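As structure tokens, the structure follows; a few thoughts come after it.
The values are calculated or read from the model by the stated rules, or taken from the named source; none is laboratory data. The structure presented is a predicted model; accordingly, all values stated were derived computationally and were not measured. In case anyone asks, the SASA skips ligands and DNA or RNA and just uses the protein heavy atoms, side chains included. Shrake-Rupley method; radii C 1.70, N 1.55, O 1.52, S 1.80 Å.
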Amino acid sequence: MSSAIIVRNLAKRYRVKKRISLLRSHTEVIEALRGIDFTVNYGEVVGLLGPNGAGKTTTIKILATLLLPDSGEAYVAGYNVIKNAGEVRKRIGIMLTVEKGFYGKLTGRENLEYFAALYGLDRVRSKDRIDYLIRLLELDKLGADYKLLEEFSLGMKARLSLARALLSDAPVLLLDEPTLGLDPPSARRIRELVRDLAHKEGKAVLYTTHNMFEAELVCDRILLINKGMIAAWGTPQELKMRIPKLRVIAINIKGEGRVDRILESLGVKYEIKSEENSINSIRIHAERPEDVFNDVVRKFIASGFEIVSARIEEPTLEDVFIYFSEGSL
Amino acid sequence: MNIPNLIEAEFKLVYGEIFRRRSALVSMIIYPYLFAGFTLFFGYTIGSPGLFMERVGVEPVVFMITASNMVMSIINTVDDVLWRPLHDAYVGTLPYIIASPINKLELFIIIPVPRLLLLLITGFTSIVPIYVLHYGLNGVVLALTVISLTTFGALTMSTLGIIIAGLVHTVGESWRILNVVRPLLMILVGAYFPRALMPFAAYITSMFIPSSHVVESIHRILLGDIGDVYLLLALAATLALVYAPGGSRSLLYWEKKKVSEGVKTS
Ligand SMILES: Nc1ncnc2c1ncn2[C@@H]1O[C@H](COP(=O)(O)OP(=O)(O)OP(=O)(O)O)[C@@H](O)[C@H]1O
Ligand SMILES: [Mg+2]
């Protein structure tokens, strides 16, 4: 099957007119995207990560037919986003800024009904779908059937916004920071849903977030974008392997004795921090920590120390993020 | 496409906004009276009712209440299509509308319908009683005719309104232009100022506004001269149809312009 989203050498410059005086003005050019390439397949969630101003929203907007790129190509569900915008629009569900984008004097359900009509759902399908989505996102418990939108909390709006993106059961979902500002249960609910949509229903999801923990949980693949360019991409695991930060054994031991001597006998690089009540906190750097882990633990026990905790620390996605977006943070 | 569905959705949206905002509802009901009242007041300060009868040939109170209703309905159509994109941009629904597969011309033709229906009802509370006072029971028939024609006139305005909306909104700070366009249309439609009395340039311009012909036909009916009324109505309908492709193009142009600048999402 062909990819759900294909992006080739996509570039976008914003031109902002700055007025200096009544007669003079100059145009400032912002390079939002400098030629990015990627694909998203059906059945996977791809995370678009990057610092503020990296070009994530710009990418989403181009794919959602809301912004024209300057050069390059983009295809969604097999259609060119510029030449065939109409066909693309039949096949996408979008979620943009969460706080805005609804009618304040309508209830949550009425808002969904309005957009269902806009997306061309007939009356019966519209009702069934809205009933289903309201239950799915637990909006019924939050009062979406009778509360006016202006009385909605941010989390309710986010859920409603996701419900709208799912109204037409589109095969491609473009979600820009869907969990921004949500409480943990709401964010978790949305995360679980997004994963299920891709893995169980075979949808293609492009997802932006600033939450690394979340990105790691939700995304099958990650695109790290920085200053309008793709800085790195791969599965979260692949990305972590690519940064030079060595993995670390973090071990806390309790007891009296020459800790440094034991460590030297093992021939490893280490740092020791002595803490209160005779606990030493040790960090051992090694290319392959699992090879020495057992030795280290055994040696300390044999020397009469008590192991308080011991684990291998992996670089986090946050380390990856910071490594690849260096210079712009 | 499912036009009935869309009409229903628009009705719910507009009525939600009107009936859940008490001030909007109240102003909707008292507006025609205020409007007519003010114009009558100013009219009397300028000249006598007798002079008005001599010039225009219609009882001033009847003329003014009719004119208020016509202007409100006609301007409503134009207003709704002109302001809606601004409102949608403001509340942030615009990107979802643009990125939806809806036929935008259909949507914009439907947009003014719900409010127009409400205005139709206010016609019953404003025109009917005044006409009955002046013409007796015959006034009911006359009033119904005038109300239906007014509605028709308002509907013929949508395509031209859409052309204007599409063009105006491609410019930055378009509401400034709207503030000029609206009163101009209000005058040129000829409800308060019969077309026959307009300067030549204004007269010619008004010929291109579909509802101005409906307004003139209503004036003729009030004067008891119904000879060319059908012709005028046909002319209005034809003009409205002639503007339809232009409306579609204008909306397409507007959408293109928005997308090339980037539809604001925050
Ligand atoms: N409408 C616009 N006009 C001018 N410049 C813009 C516009 N929209 C975005 N930009 C600029 O383009 C660059 C990319 O912005 P974009 O919104 O795509 O970033 P982002 O990755 O979504 O950032 P964030 O994490 O803050 O949401 C930024 O430098 C931004 O200032
Ligand atoms: Mg963004």
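General observations
- Theoretical ellipticity at 222 nm over chain A - DSSP helices of four or more residues, -39500 (n - 2.57) apiece, nearest 500: -10000 deg cm²/dmol
- Protein accessible surface hidden between B and A, which excludes ligands and nucleic acids, total in Å², probe 1.4 Å: 3200 Å²
- Whole-angstrom gap from the stretch A:10-63 to the stretch B:111-129, using each part's C-alpha centre: 47 Å
- For the protein assembly as shown, the solvent-accessible area of protein heavy atoms averages 47 Å² per residue (probe radius 1.4 Å; ligands and nucleic acids excluded).
- If the Kirkwood radius is taken over C-alpha pairs of the protein assembly as shown, then at 25 °C and 0.890 mPa s the Stokes-Einstein diffusion coefficient equals 86 µm²/s.
- Three-way shape call for the stretch A:248-313 based on the alpha-carbon gyration tensor, with the a/c threshold at 1.5: prolate
- Each Cα pair under 8 Å and six or more residues apart adds its sequence gap; the mean of these over the residue count of the stretch A:1-147 is a relative contact order of 21 percent.
- Over chain B, relative contact order from alpha-carbon pairs under 8 Å, at least 6 apart, %: 23 percent
- Over the residues of chain B, the helix contribution to mean residue ellipticity at 222 nm works out to -27000 deg cm²/dmol, using -39500 (n - 2.57) for each DSSP H run of at least 4.
- For a straight C-alpha distance cut-off of 29 angstrom, the lysines reachable from residue A:83 (same-chain residues fewer than eight places away being disregarded) are A:12, A:17, A:56, A:61, A:100, A:203, A:227, B:104, B:256, B:257, B:258, B:264.
- The lysines whose alpha-carbon is closer than 21 Å to the alpha-carbon of residue A:254, local same-chain residues fewer than 8 away aside, are A:269, A:273, A:299.
- Percent carbon-and-sulfur accessible area, the protein assembly as shown, ignoring ligands, DNA and RNA, probe 1.4 Å: 59 percent
- Here residue A:18 is the anchor, and the aspartates and glutamates within straight C-alpha reach of less than 14 Å, apart from those fewer than 8 places off in the same chain, are A:28.
- Here the scattering of the stretch B:144-206 is modelled by Debye summation over its C-alpha atoms, one equal scatterer each and no solvent; at q = 0.21 Å⁻¹ the log10 of I(q)/I(0) is -0.98.
- Debye log10 I(q)/I(0) at q = 0.22, 0.25 Å⁻¹ for the stretch A:174-240, Cα point scatterers: -1.01, -1.22
- Kirkwood radius for chain A, taken over all pairs of different Cα atoms as the inverse mean of 1/r, rounds to 22.8 Å.
- In the calculated pair-distance distribution of the stretch A:86-191, the portion above 23 angstrom amounts to 18 percent of the Cα-Cα pairs.
- Semi-axis lengths (Å, descending) of the ellipsoid that matches the C-alpha gyration tensor of the stretch B:1-110: 38, 15, 12
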